[in-house]
Amino acid sequence: MFPERPHPQPPALLRRCPIPRFPPPPGSSGEEVKGYPPPPPSDSAMGVPSRAQAERGSSHQSDGEEQEPPPQGGGVVGGADLISLLPDEILGSIVSLLPTDEGARTQILSSRWRHLWRSAPLNLEVSGAGRINKAVVSRILSEHRGVARRFSVSDFITANDSATLDGLLQSPVLDNLQELAFSFLDCIWPSPLMPHSALRFSSTLRVAEFSSCRFPDDAAHQVHFPKLQHLALGSVIISEDSLHAMLAGCPALDKFVFRYIDEDSPQMPRSALHFPSTLRVAEFGSCQFPEAMVCQVHFPNLQQLVLESVTISEGSLHAMLSGCPALNILTLGNCSGFSQFRINSLKLKHVEMYFRILDGHRLEELIVENAPCLERLHHRGPYQDIMRISIISAPKLEILGRLTDNIYRLELGSTVFKGLHDVTMATVMRTVKVLTLRLDNLIRNVIFNFMKCFPCMEELCIQTHIDLCLPHTAMENRQHYYSQDRFECLDHHLKKLWIGYYSGERPHVGFAKFFVLNASVLESLVLNVHPYRKASDQWIENQRRQLQLENRASICAQIDFTFEKCFSYLNDV
């Protein structure tokens, strides 16, 4: 028996850093293979006899072989430090993937690591006010002995001084920069001029993000970005000709982001729609789309489109989507200018929409006419939204929500919900696996209708309304128990149930208890207690007794009480 050696706790940084796993070297003869680190010493090599050796009464040393000492530097108590066996190039890459402050802390892990920080590829990212100021950034750039990969500074460093940024960008360590991001103060008028030194990296840049500045008109026509894959312009003042020349000089562009910070929603330059055919992701925000231009564009390879706070007419929106034959993901956030939205797309998989109530600007009708690949339809509209939803053809739809009490009409094939209480059941949708609802009250009849319509539902997320809770008797009078009915969903499919703003009162307890006692394959019941309820351990234990957990239909069901925001959970789903 060997005495157990204490193992010191590693720093928090080390616990968060995943240790890379390398495939075993080919062959098992123990010889060193090029491209692989030498294998760690075995027990016998460390003087510990194996079971077979003990049975033979011999040890590794009895064969006359000389034991090699364990690797020095960076060793840990009780075993070899395998990560320090890696070459400096790999260790430097690991350090470069960490945030700046955590990368610097790796120097305390081992003497083997101390020189890596100053020579590893530099990812310098400074955002917000803190201890790092312009002087610190300058010192880092002047003292770093390696190359720089990413340089990102916020308006806290640049302020409204273009000369400050120009001085930083002149540093020789940035000569082969791959990622550049900077922003000026958005409240400054006129906007600071982007320094010409920002364009000296055009031949090496892969990512460029510029915000709240004026683009030099005399430079765009002379610059070519052969490797640029991601370009983001936020409230950048740039002429039509310069933007057109800039996009034309990006033959490898994969993602283009064009946003304004100004709430006045200025007209978007027409050249912003002349991006190269290689583009796969496009995001536009806080602007008005030019009517005549949208109908003429064609985006053959665009796979993801995000429109946020964009004003666009109904005809232009549908024409734009028709010009995206490869579109997979569409996000419409707080957009206006159209009251009806029709989905006709052969490859569209995910559609997410969220709207706020404005003066007459809201989506009144959503129609899914032909979407053979649509898997997720997520509408995060306001609770007061009284829109009409019609899903005519979506044979692969798996995630549907968020449906509310105020929906004027919901058509799922031949099944019609006039509101959520008056239902004409004629069609079932067996593809739907996840359903999210936002209801005034937890009424079983409504849920029963959905379980009939979606018999293969596996996850059900329900958010109740905090201030709308009917008295116990009124609520119970509206419950109709289906004691003789069995639901395929309850017997075979429903695994996760989440109830938001759970009050712990009798109606909510009865609703949750029904699933505890009847959901045969339930794995997780999450009861999110609303913020007005101060839930003590005693209160939670009393809730568990009322739910009759000892009689639960699924022995594997776990019941958890949480206190997170309901909105974040529904949005994550």
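The values are calculated or read from the model by the stated rules, or taken from the named source; none is laboratory data. All figures in this text were calculated on a predicted structure; none of them were measured in a lab. Cβ sites come from the backbone with ideal geometry, for glycine too, and all protein chains shown count toward neighbours. Remember, those area values only see protein heavy atoms, side chains included, never the ligands or the DNA or RNA. Shrake-Rupley method; radii C 1.70, N 1.55, O 1.52, S 1.80 Å.
Looking at (1) farther than 21 Å from ARG342 by Cβ; (2) touching a residue at least 40 places away in the same chain (Cβ under 8 Å); (3) open to solvent by 10 Å² or more (accessible area, probe 1.4 Å); (4) in contact with a Ser or Thr (Cβ under 7 Å, 6 or more places away or on another chain), which is the only condition ARG402 fails?
(1)
Filter region 100-127 for residues that are over 19 Å from GLN170 (Cα atoms) and either part of a strand (DSSP E or B) or open to solvent by less than 40 Å² (accessible area, probe 1.4 Å) (or both) and give the result.
Across region 100-127, the qualifying residues are THR100, GLU102, GLY103, ALA104, THR106, SER110, TRP113, LEU116, ALA120.
Have a look at ARG145, ARG131, ARG139 and point out the one that is over 30 Å from the mean Cα position of the chain (by Cα) and part of a loop (DSSP other than H, G, I, E, B).
ARG145
Is it true that some residue in region 77-92 is open to solvent by 60 Å² or more (accessible area, probe 1.4 Å), at pLDDT 70 or above and touching a helix residue (DSSP H, G or I) at 6+ places or on another chain (Cβ under 9 Å)?
yes
Are any residues in region 252-276 free of Cβ contacts under 8 Å to residues at least 40 places away in the same chain, open to solvent by less than 70 Å² (accessible area, probe 1.4 Å) and assigned to a loop (DSSP other than H, G, I, E, B), and if so, which ones?
Hits for region 252-276 are ALA252, LEU253, ASP254, TYR260, PRO266, MET268, PRO269, PHE275, PRO276.
Identify the residue in region 211-268 that is of a type in the set (Lys, Arg) and touching a strand residue (DSSP E or B) at 6+ places or on another chain (Cβ under 9 Å) and, among all such residues, is nearest to ILE157 (Cα to Cα).
ARG214
Restrict the check to region 543-565 and report whether at least one residue is modelled with pLDDT under 95, part of a helix (DSSP H, G or I), open to solvent by 40 Å² or more (accessible area, probe 1.4 Å) and of a type in the set (Phe, Trp, Tyr).
no
Which residue is most open to solvent (accessible area, probe 1.4 Å), if the candidates are limited to region 408-436 and must be under 30 Å from GLY504 (Cα atoms), touching a helix residue (DSSP H, G or I) at 6+ places or on another chain (Cβ under 8 Å) and at pLDDT below 90?
Among residues in region 408-436 that are under 30 Å from GLY504 (Cα atoms), touching a helix residue (DSSP H, G or I) at 6+ places or on another chain (Cβ under 8 Å) and at pLDDT below 90, the one most open to solvent (accessible area, probe 1.4 Å) is HIS421.
Could you tell me which of the residues LEU233, LEU228, LEU180, LEU185 is open to solvent by less than 10 Å² (accessible area, probe 1.4 Å), among the hydrophobic types (A, V, I, L, M, F, W, C) and either touching a residue at least 40 places away in the same chain (Cβ under 8 Å) or part of a loop (DSSP other than H, G, I, E, B) (or both)?
When all the criteria are applied, what remains is LEU228.
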